[in-house]
Amino acid sequence: MLKTISRSQVRETALRQLSLRWASSTTTATSSSSSPSTQTNTSIHTHTIKTPVGIKAAIASLKPKTTRLSNEGPIECDLEGFQLLNSPIYNKGSAFTKEERQAFKLSGLLPSQTNTLDEQVERAYTQFSYLKTPLAKNDFCTSMRIQNKVLYYELVRRHIREMLPIIYTPTEGDAIAAYSHRFRKPEGCFLDITEPDTIDERLSVYGEDKDIDYIVVSDGEGILGIGDQGVGGIRIAIAKLGLMTLCGGIHPGRVLPVVLDVGTNNEQLLNDDLYMGNKFPRVRGEEYWSFVDKFITAVKTRFPSAVLHYEDFGVTTGRDMLYKYREDLPSFNDDIQGTGAVVMASITAGLQYTNKNLLDTKVLIYGAGSAGLGIADQIVNHMVSHGATPEQARAQIHTMDRRGLILQSYEDSTPTQKLYADPDAEWEGVNTKSLVEVIEKVKPTVLVGCSTQAGAFTEEVVKTMYKHNPQPMIFPLSNPTRLHEAFPVDIMKWTDNNALIATGSPFQPVDGFTISENNNCFTFPGIGLGAVLSRCTTISDKMVSAAVDQLASLSPKMENPKNGLLPKLEEIDEVSAKVATAVILQSLKEGTARVESEEKPNGGFVQVPREFNQCLKWVQSQMWKPIYRPLVKVEHVPEIHTFQV
Ligand SMILES: NC(=O)C1=CN([C@@H]2O[C@H](COP(=O)(O)OP(=O)(O)OC[C@H]3O[C@@H](n4cnc5c(N)ncnc54)[C@H](O)[C@@H]3O)[C@@H](O)[C@H]2O)C=CC1
Ligand SMILES: CC(=O)C(=O)O
Ligand SMILES: [Mg+2]
């Protein structure tokens, strides 16, 4: 129980906490025999601490200007009254204890009863359930997220199956499309191409050095299958970061959503008086890339240990960006690598279940854009790491776009499409625009849809797949739900319930068969967490492949044919921790991890266990959890805690 605390007690408590945390951080990672219950939740995340002068001096005498963020014990807080209630990181609403209410001048601002987090979650869920439309529920969640992070994440965690489609795809797509009309409160960081020299100043509001672990950036051109949404793209960055916290345990005060407002080609937005972004066509070419260069430089300089995640850029931009800056900073394109990895994991699980060989697998990708080509690349990476040459692997993959099967004679193909183009001579006499004819010739093991063409996997298409495979893998991945190439209920009907399905959005089971949501949320939070914790210099293909193998190994399909290809959503935080562990171990193996060169505040260096289960425990100990912790009143604490991101 927290009592009113005097300055000297505060100092004592703070110092005790610090020394405890520092002491325990020495043993956490290195002690292989400690049980989970004795493991301390000591994060390697560090930040500048601004505590009262006396404490500052004491801290300085102990070691440097940084302290550790922990996941347990009291938290220092310098806010009070309305400011505290308005700080989503610290706010507990009706759960502030009597003592905290007195210490933080909250007594007159709250009704007399104190609630537990359980009671708050129950009340919030009842309010959520009353709301009639997904968008109204999405608004409710947004408002809760900017009021109280612990309550929000605990609410969503407990109702993840029901709430994920509200806070993520498909509802988030509708919320983004309506961004300027439903706007209430700004969140995130807006970078404006008309003011390229203000990038660092704009980022500086979010701190410096080690204040930020993870950044999601979008220019809003290719949002969730609904195309160009301009400045509304800020919300995909916010949504993805929400999942980084929910599934990947990244601290919600140490993330940064960024939109690059470079204009929009969406006529509807350009003609909308309420549209809140730059009202001119997208800037391209040299000016665009010079803006992006400045952004990357600013990120590297200001937040040198942050991981950068690209989301929903246009088809060629996203790819160019990934490869241009890949060696410069730890960066990752979710639509290319995250999606590729989860599809490869589903394929691997399907191959294990049907007892087929990876290198004999033929894949037809319908929709050779960012996601489709990312999937193709990931399949190649995986085949190569399992013994194929890149040429052999690419020969197993066929791609189609709006022109039909991509042939070598097509001059307007992108460089990546050209890698997968089929020789014209092999396709003489075949109508390469017909999906059915292409399937007849290729006889693919797997058909992947990321074309945004609703209903493209017709009965004839699916039955042709089934004719050549007793258990065809059919993955309609296009979001939102209405754009799916086929619905699972039809695919199962047309294949006598024999298809192995994974979808882009959630679907109900069909005849007791779970339909796995082949969502990249099974990969990006784990890959991102692994990159943050390993402090890797780059996110390599092999690190992504390690994530694939780990995710596939968690497939529940072998246990019961009615299970899905991927684990249950309810297990996603555990899945992410395991994926992160595989990524960290791979990074250590490759020598790109910097975590072990991080000096601990009490001297010595972080040591990450090499044994999988021990490393997993360490990873789990680093993950932020939505629990209320006692607040300790101090005069100054890191400003980062007050951000609403
Ligand atoms: N489930 C998941 O985790 C993810 C799903 N997606 C979804 O995948 C879809 C595609 O996304 P992106 O690749 O980013 O878009 P994109 O615009 O880069 O690619 C779409 C591709 O589909 C092709 N296409 C259009 N009409 C076609 C037709 N009639 N026949 C064959 N191909 C056709 C286009 O030529 C283009 O190559 C979206 O719906 C997106 O929401 C994307 C990323 C992750
Ligand atoms: C899920 C996702 O990243 C997309 O549809 O773009
Ligand atoms: Mg995306």
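Just a few scattered comments:
- Boolean, residue 274 is farther than 21 Å from residue 406 by Cα, of a type outside the set (Asp, Glu) and surrounded by fewer than 16 Cβ atoms within 10 Å (Cβ to Cβ): yes
- Matching residues in segment 437-462 - criterion: being open to solvent by 10 Å² or more (accessible area, probe 1.4 Å), out of contact with any Lys or Arg (no Cβ under 9 Å at 6 or more places or on another chain) and more than 16 Å from ligand 3 (Cβ to nearest atom): 437, 441, 455, 456, 458, 460
- Candidate set: segment 302-320, residues that are within 18 Å of the chain's Cα centre (by Cα) and either small (Gly, Ala, Ser) or closer than 21 Å to residue 212 by Cα (or both); chosen: the one nearest to ligand 3 (Cβ to nearest atom): 311
- Flag for residue 513 being modelled with pLDDT of 95 or more, open to solvent by less than 50 Å² (accessible area, probe 1.4 Å) and of a type in the set (A, V, I, L, M, F, W, C): yes
- Residue within segment 129-148 that is of a type in the set (A, V, I, L, M, F, W, C), within 21 Å of the chain's Cα centre (by Cα) and part of a loop (DSSP other than H, G, I, E, B) present: yes
- Failed item, numbered, when residue 430 is tested on (1) closer than 20 Å to residue 397 by Cβ; (2) of a type in the set (A, V, I, L, M, F, W, C); (3) crowded, with 18+ Cβ neighbours inside 10 Å: (3)
- Being crowded, with 24+ Cβ neighbours inside 10 Å and in a helix (DSSP H, G or I) holds for only one residue in 298, 371, and it is 371.
- Residue 276 being within 16 Å of ligand 2 (Cβ to nearest atom), more than 17 Å from the chain's Cα centre (by Cα), modelled with pLDDT of 95 or more and not polar (S, T, N, Q): no
- Among the residues making up segment 319-368, those that are touching a residue at least 40 places away in the same chain (Cβ under 8 Å), among the hydroxyl-bearing types (Ser, Thr, Tyr), more than 16 Å from ligand 2 (Cβ to nearest atom) and open to solvent by 10 Å² or more (accessible area, probe 1.4 Å) are 348, 353, 354.
- Of all residues in segment 277-291, those satisfying the criterion of being open to solvent by 30 Å² or more (accessible area, probe 1.4 Å) and either in a loop (DSSP other than H, G, I, E, B) or small (Gly, Ala, Ser) (or both) are 279, 280, 281, 284, 285, 290.
- Selection of segment 570-612 for residues being assigned to a helix (DSSP H, G or I), open to solvent by 20 Å² or more (accessible area, probe 1.4 Å) and of a type in the set (Ser, Thr, Tyr) yields only 597.
- In segment 170-268, counting only strands (runs of 3 or more DSSP E) that sit wholly within it, the ones holding 1 or more residues that are in contact (Cβ under 8 Å) with a residue 24 or more places away in the chain, open to solvent by less than 20 Å² (accessible area, probe 1.4 Å) and aromatic (Phe, Trp, Tyr) span 214-218.
- Just so you know, in segment 531-560 the residues that are free of Cβ contacts under 8 Å to residues at least 60 places away in the same chain and outside any helix (DSSP H, G or I) include one that is nearest to residue 323 (Cα to Cα), and it is 540.
- Checking residue 135 against (1) closer than 24 Å to residue 334 by Cα; (2) surrounded by fewer than 21 Cβ atoms within 10 Å (Cβ to Cβ), the condition it does not meet: (1)
- Candidates 528, 564 - the one that is in contact with a strand residue (DSSP E or B) (Cβ under 7 Å, 6 or more places away or on another chain) and in a helix (DSSP H, G or I): 528
- Members of segment 411-427 found to be assigned to a helix (DSSP H, G or I) and open to solvent by 40 Å² or more (accessible area, probe 1.4 Å), listed by number: 415, 418, 419, 424, 425, 426
- The set of residues in segment 535-549 that are buried (at least 24 other Cβ atoms within 10 Å of the Cβ) and farther than 13 Å from residue 307 by Cβ comprises 544, 546, 547, 548.
- Segment 455-479, residues that are assigned to a loop (DSSP other than H, G, I, E, B) and near ligand 1 (Cβ under 10 Å from one of its atoms): 456, 477, 478, 479
- Residue 395 under 25 Å from residue 465 (Cα atoms) and either among the β-branched types (Val, Ile, Thr) or within 27 Å of the chain's Cα centre (by Cα) (or both): no
- All of (1) small (Gly, Ala, Ser); (2) within 18 Å of residue 226 (Cβ to Cβ); (3) assigned to a loop (DSSP other than H, G, I, E, B) hold for residue 112 with one exception: (2).
- Condition check for residue 516 on (1) in contact with a Leu (Cβ under 8 Å, 6 or more places away or on another chain); (2) farther than 24 Å from residue 307 by Cα; (3) among the hydroxyl-bearing types (Ser, Thr, Tyr); (4) away from ligand 2 (no atom under 16 Å from the Cβ): one failure, at (4).
The values are calculated or read from the model by the stated rules, or taken from the named source; none is laboratory data. Treat the numbers as computed from the prediction; the structure is a model and nothing was measured. Don't worry about glycine lacking a Cβ; one is built from the backbone with ideal geometry, like all the others, and counts go over all protein chains shown. Quick note on the areas: whole protein, heavy atoms, side chains included, nothing else; ligands and nucleic acids left out. Shrake-Rupley method; radii C 1.70, N 1.55, O 1.52, S 1.80 Å.
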